[in-house]
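Scroll down for the structure; my scribbles are underneath it.
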Amino acid sequence: MNIHEYQAKAVLKEFGLPVSRGVAIFKAEEAAAAADELGGPVWVVKSQIHAGGRGKGTFKGAPAGAKGGVRVTKSKDEVVQFAGEMLGATLVTVQTGEAGKQVNRLYIEEGAQIAAEFYLSMLVDRATSKVAFVVSTEGGMDIEQVAHDTPEKIVTFSVDPATGIMPHHGRAVAKALGLSGAQAKEVGDLTEKLYTAFVAKDMSLLEINPLVLTGDGHLKCLDAKISFDSNALYRHPDIVALRDETEEDAKEIEASKYDLAYIALDGTIGCMVNGAGLAMATLDIIKLYGEEPANFLDVGGGASEEKVTAAFKIITADPNVKGILVNIFGGIMKCDVIARGVLAAVKTVGLEVPLVVRLEGTNVEEGKEIIRTSGLNVIPADDLDDAAQKIVAAVKKG
Ligand code: GDP
Ligand code: MN
């Protein structure tokens, strides 16, 4: 789960990390009061969307000159003007895709003087099963570009969970950033607090870009992006409360209500599968036969008729879906039960695209018989290969 920058900064502040003072607003009318509260003399008006690259982003249909999702100003009038221009407008950045994202929240911050911009991020490194730090002097800009052009400017190391964060980690960050003396000490403190926050809140990613050295020589987290491990959210109700559903795919939200593992994709073939491994194999084979899957959907081992119906509704609600492939292995679940579930779902939801059903496992013959005699326009398949070819052919024909 992702949160907004202003929320991420509030989390960091809880752990004693240095962030600028700021006020989040939802309406342009609140901008003047926010500017007064902060006092100036410099303000930064920051669009809050779940995507980076805002500073260099552009607004769709914005008045001439009104560009950039992050704007620095010394004028209170401009704070109000920028707020009016940004709120409700659609911001397009390298991370949003062409469609962009509507800006519904702003963060007005006191402006910081920047002497240097660094990059610092932390993530769970699956290869080493450790929390890794990624640090670079080349902050503020596109880190992917730095990694490509000058990889030697990126320093990474990981922290052994048995010892936790140690003073030498802080020294490694200071060295990577070329800091010494009091600033190195400050970096050590920052490194320790970031690690503590990361572990305590079950983060999967924490990115500070830029981490800056201010005019008076102190460190500050000027931007913050945090992703949390969804599997650990049950123990962080305070984080769950920060969820902004308008930033998420509506179909994914609906799926989570039924405990379905659903990820929207860009293709045309809707998939309903049980088991993550089988689901991935299904996506692969669809691609092998020349089409693209519209989603990943794992209905789980014990899918009820209700769950199967919900899954069908979610798949058919996607206008890109030109065909559906149901690929179920009846292990704990029985194929006849699944077949009845699929038919019940088709009856309630309706079916306007070709549907291929492949069943295998316990009670497979009964299951196939139910599909065959249903009177519904369902194409039966014998195995995964057959199923993929049939749905791809049906979609290409349709
Ligand atoms: P992003 O473009 O979405 O990554 O948004 P950031 O929060 O990183 O802001 C983009 C850029 O705006 C930063 O790299 C800074 O150069 C600039 N910026 C952000 N806050 C301040 C500030 O307080 N003072 C100044 N001078 N520049 C800022
Ligand atoms: Mn940034």
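The values are calculated or read from the model by the stated rules, or taken from the named source; none is laboratory data. Only a predicted model underlies this, so the values are computations on that prediction, with no experimental measurement involved. Cβ: placed from backbone, ideal geometry, glycine included. Neighbour counts: every protein chain shown. Each accessible area value is taken on the protein alone, full model and side chains, heavy atoms only, with ligands, DNA and RNA left out. Shrake-Rupley method; radii C 1.70, N 1.55, O 1.52, S 1.80 Å.
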It is to be established whether one or more residues within the range 17-33 are among the hydroxyl-bearing types (Ser, Thr, Tyr), more than 10 Å from ligand 1 (Cβ to nearest atom) and surrounded by 15 or more Cβ atoms within 10 Å (Cβ to Cβ). no
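Looking for something at pLDDT below 90 and outside any strand (DSSP E or B) - is there at least one such residue anywhere in the range 382-389? Give the steps one after another, and end with the answer.
Residues of the range 382-389 at pLDDT below 90: 382.
Add one more test, that the residue is outside any strand (DSSP E or B), and what stays is 382.
The answer is yes, given that some residue of the range 382-389 is at pLDDT below 90 and outside any strand (DSSP E or B).
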Tell me, which strands (runs of 3 or more DSSP E) wholly within the range 261-371 include 1 or more residues that are farther than 25 Å from ALA250 by Cβ? 323-330, 355-361
Filter pass, GLU352 being acidic (Asp, Glu), in contact (Cβ under 8 Å) with a residue 24 or more places away in the chain and within 20 Å of THR309 (Cβ to Cβ): yes
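Would you tally the residues in the range 290-312 being within 24 Å of LYS396 (Cα to Cα) and crowded, with 17+ Cβ neighbours inside 10 Å?
Kept after step one, since they are within 24 Å of LYS396 (Cα to Cα), are these residues of the range 290-312: 290-297, 311-312.
Subsequent filtering for residues that are crowded, with 17+ Cβ neighbours inside 10 Å retains 291, 293-297, 311-312.
Going through the range 290-312 one residue at a time, the tally reaches 8.
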I'd like to know if the range 351-361 contains one or more residues that are at pLDDT below 90, under 20 Å from GLY275 (Cβ atoms) and buried (at least 18 other Cβ atoms within 10 Å of the Cβ). no
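Kindly indicate whether ASP259 is of a type in the set (D, E, K, R) and farther than 29 Å from LEU91 by Cα. So that I can check it myself, show each step before the final result.
Numbers: of a type in the set (D, E, K, R): yes; farther than 29 Å from LEU91 by Cα: yes.
Yes; evaluated as a whole, the condition is true for this residue.
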For the list (1) part of a loop (DSSP other than H, G, I, E, B); (2) touching a strand residue (DSSP E or B) at 6+ places or on another chain (Cβ under 6 Å); (3) among the hydroxyl-bearing types (Ser, Thr, Tyr), I need the number of the one condition that TYR107 fails. (1)
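A quick yes/no check of all residues on (1) under 30 Å from ILE263 (Cβ atoms); (2) within 16 Å of ligand 1 (Cβ to nearest atom); (3) open to solvent by less than 30 Å² (accessible area, probe 1.4 Å):
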position	(1), (2), (3)
ALA182	no, no, no
LYS185	no, no, no
GLU192	no, no, no
PHE198	yes, no, yes
GLU207	yes, yes, no
GLY217	no, yes, yes
ALA232	yes, no, yes
VAL240	yes, no, no
Output the residue which, of all residues in the range 49-102 that are within 30 Å of LEU205 (Cβ to Cβ) and among the polar types (S, T, N, Q), is least open to solvent (accessible area, probe 1.4 Å). THR93
Find the strands (runs of 3 or more DSSP E) located wholly in the range 1-103 whose residues include 1 or more that are over 30 Å from ALA261 (Cα atoms), out of contact with any Pro (no Cβ under 9 Å at 6 or more places or on another chain) and within 14 Å of ligand 2 (Cβ to nearest atom), and list them. 43-48, 70-73
Do any residues in the range 140-159 that are in contact (Cβ under 8 Å) with a residue 12 or more places away in the chain and more than 25 Å from GLU192 (Cα to Cα) have Cβ atoms under 8 Å from those of residues that are open to solvent by less than 90 Å² (accessible area, probe 1.4 Å) and more than 16 Å from ligand 1 (Cβ to nearest atom), where the two are at least six apart or on different chains, and which pairs are they? VAL146/LYS153; VAL146/ILE154
